[in-house]
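Here is the structure we will look at, set down as structure tokens.
No lab work stands behind these numbers, since they all come straight from the coordinates. This is a predicted model, so every value here is computed, not measured. Heads up, the Cβs are rebuilt from the backbone with ideal geometry, glycines too, and the neighbour counts pull from every protein chain shown.
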């Protein structure tokens, strides 16, 4: 696997393989990633969201890693998949979902396919370069354009949103631990009004408040599962992710993951060391 900033690429070669991811598995270990794979050789069948597709050489397919899916390969086959955080796409969920069902209709389908193949061919030499992160960002931009154009050829959020939204989302990601992060501070940092900020998010069909809370919860969820934070209090971890009220954190955590923070921490510890816990 090669890493390009927040994007990673993985080549798989297999024979007669079958894979599934269930709703139960997703609840106990979210990925928050999607993958775009180009089939190198052979064929693979993929089913997700009630949509079935058989992908041949040179064709792309999208896999939402936080929704149940089944996939299988008959005979010898190989594909190359680019993994990226779904939040980095900056697209509404329905655009990612519906665009992913008709990737072949995008005018840049072949361009994206070639980009993924080229990244794999370059291997570690490119992933270890000083430009790796920039290459990853550029590739994610291509994936964004691929999904948007596959969803609707006329789909556009306008030049202002196209430039500002990725920048704003990056700023939010860098300041998640700051409890003072707010629409006012975000708007001020980008030289726009709060009204314009909400307008940008509304046009993209994204809730600003919910996107911040979701990212913070994902960060806390990951930290609670780490063995090195075992002696750190749950309230302290919540505070590190911008939650000043432990009760509010616990309630929102349970709404998102279906269990309390303590239950998740204990489950993660048991999965790491089932004999001793």
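Couple of notes before you dig in:
- Additional length obtainable on full extension of the chain from residue 28 to residue 228, 0.36 nm per residue less Cα span: 70.0 nm
- Cα-based shape type of region 2-153, given that a ≥ b ≥ c are square roots of the gyration tensor eigenvalues and the cut on a/c is 1.5: rounded
- Estimated FRET transfer efficiency (residue 271, residue 51; beta-carbon r; R0 30 Å; 0.05): 0.40
- Span per principal axis, largest first, for the Cα atoms of the chain (Å): 55, 52, 40
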